[in-house]
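Below is one structure; the comments refer to it alone.
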Amino acid sequence: MSAVVPETTTANLVEVTHLKKWFPIRGGILSRVVANVKAVNDVSFGVKKGEVLGLVGESGSGKTTVGRTILRLIEPTEGTISFQGQDITHIPKNQLRSYRRKMQIIFQDPFASLNPRMTVGDIIAEPLVIHNLEGSAQARNDRVAELLQLVGLNPDHVRRYPHEFSGGQRQRIGIARALAVRPEFIVADEPVSALDVSIQAQVVNLLQDLKEQLGLTILFIAHDLAVVEYISDRIAVMYLGKVMELAPSRDLYLKPRHPYTEALLSAIPTPDPTIKRERIVLQGDIPSPINPPSGCVFRTRCRYAIAECANTVPELKEVSPGHFKACIRDDIPGLS
């Protein structure tokens, strides 16, 4: 297990400690557990109040599972989840409702996450009804109009249906729905990956503005480091269920310390054609989370791997103030 929990302070709104989420695979006549998908395998980090923590990595790295487990949409296998200093890992679901108001999610797919049979007004008002907020129907209608205006949509469109909106507009509706109950913490689960590049910037800018305006704390999940660069205060890089590196955003981009982060950054296009950057192509596919490699899970694709990497599970250790990496090698040129 990791030796430390990075950035664990009283200023943290959310803390995740040695979190694991394994999905059992059953087989045979008796449906016994024959293997486990180790989607999240010992992850620890904190999210400070008022910050945006970017969580990045390839598809299958466990990012979405982390976000949904924090919200208790899926139950953790091991570990601790704390919100506002309160351990919410095992509290009964009937007691979770008060926390649901404070912790919301923006889903990845704006086409699938909105009920096509409900009007936009009803979709945004639904959380208000569930949590008995705003009292009268008129107060709810006023709140819906306020939210639509807040995310840059016309309040007169409350009677329209989701299919009448573009993908970017639908994601704004999803954001308005998440904000309806005035949450303190939001998990943004790849909120721009299904959108055109030109629209992605608009949605990221909107989230940045809302974060400043409403004092939100956001876990921003993405598979593209270029997307999270602008909005994130700190970034955690995941690979095969583990955090490989965690650092302030600027530090991570200027001086990555982990070979996996180095490879991800090399794939980001540079706007200046005169700048030549070495392109690091990772060989092979990400291994199966059912049977991850021994030792360091990244070693099978790492160009700096040595024999010891197969036998030692690297701890997430602090290598400079606020900068953590999970790698046993401290002698790699440019990464040490």
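The values are calculated or read from the model by the stated rules, or taken from the named source; none is laboratory data. In this text, all values refer to a predicted model and were calculated from it rather than measured experimentally. A quick note on method: Cβ atoms are made from the backbone with ideal geometry, for glycine too, and the neighbour counts reach across all protein chains shown.
Let's see how each residue does on (1) of a type outside the set (A, V, I, L, M); (2) within 24 Å of the chain's Cα centre (by Cα):
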residue: Leu71; (1), (2): no, yes
residue: Thr89; (1), (2): yes, yes
residue: Arg100; (1), (2): yes, yes
residue: Gln108; (1), (2): yes, yes
residue: Pro127; (1), (2): yes, yes
residue: Asn132; (1), (2): yes, no
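Return a yes/no flag: does the stretch 302-324 have any residue that is modelled with pLDDT of 85 or more, among the basic types (Lys, Arg), in contact with a Leu (Cβ under 8 Å, 6 or more places away or on another chain) and more than 13 Å from Lys242 (Cα to Cα).
no
Those residues that are among the polar types (S, T, N, Q) and surrounded by 18 or more Cβ atoms within 10 Å (Cβ to Cβ), I need them from the stretch 64-81; list them, please.
Thr64, Thr65, Thr69
Can you pull out the residues in the stretch 107-120 that are within 25 Å of Ile218 (Cα to Cα) and at pLDDT below 95?
Across the stretch 107-120, the qualifying residues are Phe107, Gln108, Asp109, Pro110, Phe111, Ala112, Ser113, Leu114, Asn115.
Can you give me the number of residues within the stretch 134-153 that are part of a loop (DSSP other than H, G, I, E, B) and either modelled with pLDDT of 95 or more or within 28 Å of the chain's Cα centre (by Cα) (or both)?
3
Quick test of your reading of the structure: Asn36 fulfils all but one of (1) among the polar types (S, T, N, Q); (2) in contact with a Phe, Trp or Tyr (Cβ under 7 Å, 6 or more places away or on another chain); (3) not in a strand (DSSP E or B). Name the failing condition by number.
(3)
Return yes or no: is Val237 in contact with a Ser or Thr (Cβ under 6 Å, 6 or more places away or on another chain) and at pLDDT 95 or above?
yes
Can you find even one residue in the stretch 283-297 that is modelled with pLDDT of 95 or more, crowded, with 18+ Cβ neighbours inside 10 Å and closer than 28 Å to Ser249 by Cβ?
Yes - at least one qualifying residue is present in the stretch 283-297.
Against the condition among the small types (Gly, Ala, Ser) and either part of a strand (DSSP E or B) or surrounded by fewer than 24 Cβ atoms within 10 Å (Cβ to Cβ) (or both), how does Ser61 come out, does it pass?
no
Against the condition more than 21 Å from Ser288 (Cβ to Cβ), exposed (fewer than 15 other Cβ atoms within 10 Å of the Cβ), modelled with pLDDT under 95 and out of contact with any helix residue (DSSP H, G or I) (no Cβ under 8 Å at 6 or more places or on another chain), how does Ile29 come out, does it pass?
It is true that Ile29 is more than 21 Å from Ser288 (Cβ to Cβ), exposed (fewer than 15 other Cβ atoms within 10 Å of the Cβ), modelled with pLDDT under 95 and out of contact with any helix residue (DSSP H, G or I) (no Cβ under 8 Å at 6 or more places or on another chain).
May I ask you to verify whether Ile124 is touching a helix residue (DSSP H, G or I) at 6+ places or on another chain (Cβ under 9 Å), within 24 Å of Arg159 (Cα to Cα) and either part of a loop (DSSP other than H, G, I, E, B) or touching a residue at least 24 places away in the same chain (Cβ under 8 Å) (or both)?
Yes, satisfied.
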